[in-house]
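K.L.:
If you scroll down you'll find the structure; I have some questions about it.
What follows draws every value from the coordinates through simple rules; no lab data is involved. Because the structure is predicted, anything quoted here is derived from the model rather than measured. Don't worry about glycine lacking a Cβ; one is built from the backbone with ideal geometry, like all the others, and counts go over all protein chains shown.
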Amino acid sequence: MAQVAKVKFIDYQTSIAKALDLIGAGENLPQDGLIIIKPNLTNSSPPPVTTSVAAAEAVYKYCKTSTKAKIAIGDGCGSGKTADVFKTLGYTKFAERCGIELLDFNEAETITVKNENAFQLKTFHMPKIVKDAYIISLPVLKDHSFTETTIAMKNMFGIAPGKFYAGGWNKSKLHSPSTDKSVVDICLYKKPALSVVDASVALKGMHLSGTHKKLGLILAGFDPVAVDTIGSELLGHNPKKLPFLTLANGLLGSMNNIQILSA
């Protein structure tokens, strides 16, 4: 049975730590290797379009107290230059203050991986540094123009290097013919090992703009399908009608029999 923590938002430090403790994250983090915290930094717009640097810092501090593994922040923005987005949203100052490496997946050295069972991305260009890393997906809870919702799994589009998938914008080739299938395929190549969702203020209507909806919650879980199921329900959607979730169900995690942990 998949477990999803659902914690009242007080502040990022308090609520993220509580959510992660509820699912036993500290004892399950790797003790060596590389942990990459993957926020949603699609562009330089402020939260809730993008992940607050305060949320990233809270996850970093939690990891720092639980493991000796190296910790980095990584993303590949959907438009513009990732370095500029890091700077505008405060990630550069945070990284300098804490001595953290910032990784730009759009320009990273890549390897080519293949999966004949993928729905449409039979071949995928993956940043080499991502292959063996422990990925923590750290999105904001948002509606999306193509997939209805964008949460833990859709956030993994950021690992797709823009130099291979750019068209009208940095990830545009992933949206044809089916964005939903691309979500599942990318997670088949590399799904998040842990997901933390900022649902303090959600974005309704559209992922790049829309209406702010105060939910006052933090979600966390190891199963990204379960996390996205609960998140989609909070946004007012029926998860069983969302193709990326029904395709991922039983393949990347489970939509069924989810245990909610709250405190």
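K.L.:
What size of dipole, in debye to the nearest 20, comes out for the chain about its Cα centre when the only charges are +1 on Lys and Arg C-beta atoms and -1 on Asp and Glu C-beta atoms?
P.N.:
In debye, rounded to 20, the chain gives about 240.
K.L.:
Using the alpha carbons of region 107-184, what is the convex hull volume per residue in cubic angstrom, as a whole number?
P.N.:
Dividing the Cα hull volume of region 107-184 by its residue count gives 99 Å³.
K.L.:
Just going by the charge dipole of the chain, with Lys and Arg at +1 and Asp and Glu at -1 on Cβ, which of Thr92, Asn115, Cys77 is farthest out on the positive end?
P.N.:
So the residue we want is Cys77.
K.L.:
Determine, at each q value in 0.21 (inverse angstroms), the log₁₀ of I(q)/I(0) that the Debye formula gives when each Cα of region 153-263 is one equal point scatterer.
P.N.:
-1.29
K.L.:
For n ≥ 4 DSSP H runs only, could you compute -39500 (n - 2.57) per run for the chain, divide by its residues and tell me the 222 nm figure to the nearest 500?
P.N.:
That comes out to -8000 deg cm²/dmol.
K.L.:
Return the single residue from Phe244, Phe164, Phe105 with maximal mean-square fluctuation; model: Gaussian network over the chain, springs between Cα atoms under 10 Å.
P.N.:
Looking only at Phe244, Phe164, Phe105, the largest GNM fluctuation is found for Phe164.
K.L.:
Which one, (i) 1.01; (ii) 1.15; (iii) 0.90, gives Cα Rg over 2.2 N^0.38 Å as derived from the coordinates shown?
P.N.:
(iii)
K.L.:
Hey, with R₀ at 30 Å, roughly what FRET efficiency would His212 and Lys128 work out to, going by the Cβ-Cβ distance, to 0.05?
P.N.:
The pair His212/Lys128 has a calculated efficiency of 0.20.
K.L.:
Apply 1/(1 + (r/R0)^6) to the Cβ-Cβ distance of Met1 and Lys241, taking R0 = 22 Å, and write down the FRET efficiency to the nearest 0.05.
P.N.:
0.45
K.L.:
Compute the Cα gyration tensor for region 69-120, then decide on rounded, prolate or oblate, letting a ≥ b ≥ c be the square roots of its eigenvalues: rounded whenever a/c is under 1.5, prolate when a/b is larger than b/c in the other cases, and oblate in all that remain.
P.N.:
Prolate shape, in that a/c is at least 1.5 and a/b is the bigger ratio.
K.L.:
Take the Cβ-Cβ distance between Asn117 and Asn257 as r, set R0 to 25 Å, and report the resulting FRET efficiency rounded to the nearest 0.05.
P.N.:
So the FRET efficiency works out to roughly 0.50.
K.L.:
Quick check on region 25-75: what does the Kirkwood estimate of hydrodynamic radius come out to from the alpha carbon pairs, in Å?
P.N.:
For region 25-75, the Kirkwood estimate is 11.7 Å.
K.L.:
Now a separate question. If contacts are Cα pairs under 8 angstrom and at least 6 residues apart, what is the relative contact order of the chain in percent?
P.N.:
Taking the mean separation of contacting Cα pairs over the length of the chain, I get 25 percent.
K.L.:
For Leu103, which sequence-distant residues (separation of 5 or more, or a different chain) have an amide H within less than 5 Å of its own amide H, given hydrogens modelled in the peptide plane?
P.N.:
Ile73, Gly74, Asp75
K.L.:
Would you mind estimating how fast region 195-239 diffuses translationally, via Stokes-Einstein at 37 °C and 0.692 mPa s with the Kirkwood radius over Cα pairs, in µm²/s?
P.N.:
The Stokes-Einstein estimate is 302 µm²/s.
K.L.:
Label region 38-184 by shape, choosing from rounded, prolate and oblate, from the square roots a ≥ b ≥ c of the eigenvalues of the Cα gyration tensor; if a/c is under 1.5 it is rounded, and otherwise prolate applies when a/b is larger than b/c, oblate when it is not.
P.N.:
Taking the square roots of the gyration eigenvalues as a ≥ b ≥ c, region 38-184 is prolate.
K.L.:
Find which of Ile186, Ser52, Ala166 sits farthest along the positive direction of the dipole of region 3-261, computed with +1 on the beta-carbon of Lys and Arg, -1 on that of Asp and Glu, about the Cα centre.
P.N.:
Towards the positive end, the residue furthest out is Ala166.
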